[in-house]
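Trainee: Structure provided below as structure tokens; questions to follow.
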Amino acid sequence: MPELFSGLLAFSAYFIGAFGYCALFGLIYTRLTPHDEFDLITRQHNATAGLAFGGALIGLALALAGAIHNTHSAGEFMVWGVVAMASQFVAYGVARLFHPGLSPAIEQNAIAAGCWVASVSVASGLLFAACMSP
């Protein structure tokens with residue numbers, strides 16, 4: 001029974017940590033982008049913004065899953081969680097580099113722009129997670 005409790009404690013710590021990283025990522029990411037994701041998604045019902053932002057969150061979650069799976073302590077997870085967030089910020093920068101009009105395209109609800117950001121974000125998260133495994 002003690003193993004069950006220690007397992008539940010570890011689960012809770014990692015889950016709360018990952019959720020916290022996702023919340024922090026959302027706050028920072030929405031400040032880094034020139035457009036207002038939450039306004040576009042919630043008030044204007046802009047599918048492109050939802051797709052782009054959702055893809056970035058999925059990319060982060062994939063990277064965090066790799067960190068959870070491969071780290072051996074909460075401290076190690078904390079460090080890799082920061083690196084996972086940074087990788088998603090870099091992914092967004094790369095997406096903008098190859099699509100200079102990305103933000104206006106998202107504001108205009110050009111679905112291809114959202115697909116592009118989501119794809120780059122998910123690919124980045126998958127690569128990050130894979131690079132963490134031995």
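Trainee: Give me the pairs: first residue in segment 88-114 and under 21 Å from I28 (Cβ atoms), second residue in a helix (DSSP H, G or I) and of a type in the set (K, R), beta-carbon distance under 8 Å, and six or more apart or on different chains, which are they?
Mentor: Every condition considered, the pairs that remain are L102/R96; S103/R96.
Trainee: Suppose the filter is among the hydroxyl-bearing types (S, T, Y), open to solvent by 50 Å² or more (accessible area, probe 1.4 Å) and more than 21 Å from L127 (Cβ to Cβ); does T42 pass it?
Mentor: In short, yes.
Trainee: Still on this structure, I have one more. Of V117, V83, V122, V79, which residue is under 10 Å from the mean Cα position of the chain (by Cα), among the β-branched types (V, I, T) and either within 20 Å of G17 (Cβ to Cβ) or modelled with pLDDT of 95 or more (or both)?
Mentor: V122
Trainee: Can you go through A91, A10, A52 and tell me which one is assigned to a helix (DSSP H, G or I) and either farther than 23 Å from A113 by Cβ or of a type in the set (S, T, Y) (or both)?
Mentor: Every option except A10 fails the conditions.
Trainee: Can you report the number of residues in segment 57-73 which are in contact with an Asp or Glu (Cβ under 9 Å, 6 or more places away or on another chain) and open to solvent by 50 Å² or more (accessible area, probe 1.4 Å)?
Mentor: Qualifying residue count, segment 57-73: 0.
Trainee: Which of the residues belonging to segment 95-112 are part of a helix (DSSP H, G or I) and open to solvent by less than 60 Å² (accessible area, probe 1.4 Å)?
Mentor: A95, L102, S103, A105, I106
Trainee: Check whether at least one residue in segment 115-127 is open to solvent by 50 Å² or more (accessible area, probe 1.4 Å) and closer than 25 Å to F15 by Cβ, and report yes or no.
Mentor: Checking segment 115-127: at least one residue is open to solvent by 50 Å² or more (accessible area, probe 1.4 Å) and closer than 25 Å to F15 by Cβ.
Trainee: Within segment 74-94, track down each residue that is small (G, A, S) and open to solvent by less than 50 Å² (accessible area, probe 1.4 Å).
Mentor: Of everything in segment 74-94, those that are small (G, A, S) and open to solvent by less than 50 Å² (accessible area, probe 1.4 Å) turn out to be G75, G81, A84, A86, S87, A91, G93.
Trainee: Search segment 8-30 for residues being touching a residue at least 40 places away in the same chain (Cβ under 8 Å) and among the hydroxyl-bearing types (S, T, Y), and hand back the single one that is farthest from N70 (Cα to Cα).
Mentor: So, considering only residues that are touching a residue at least 40 places away in the same chain (Cβ under 8 Å) and among the hydroxyl-bearing types (S, T, Y), the one farthest from N70 (Cα to Cα) is Y29.
The values are calculated or read from the model by the stated rules, or taken from the named source; none is laboratory data. Note that this is a predicted model, so its numbers are computed, not measured. Methodologically, a virtual Cβ is constructed for each residue, glycine included, from the backbone with ideal geometry; neighbour enumeration extends over all protein chains shown. Quick note on the areas: whole protein, heavy atoms, side chains included, nothing else; ligands and nucleic acids left out. Shrake-Rupley method; radii C 1.70, N 1.55, O 1.52, S 1.80 Å.
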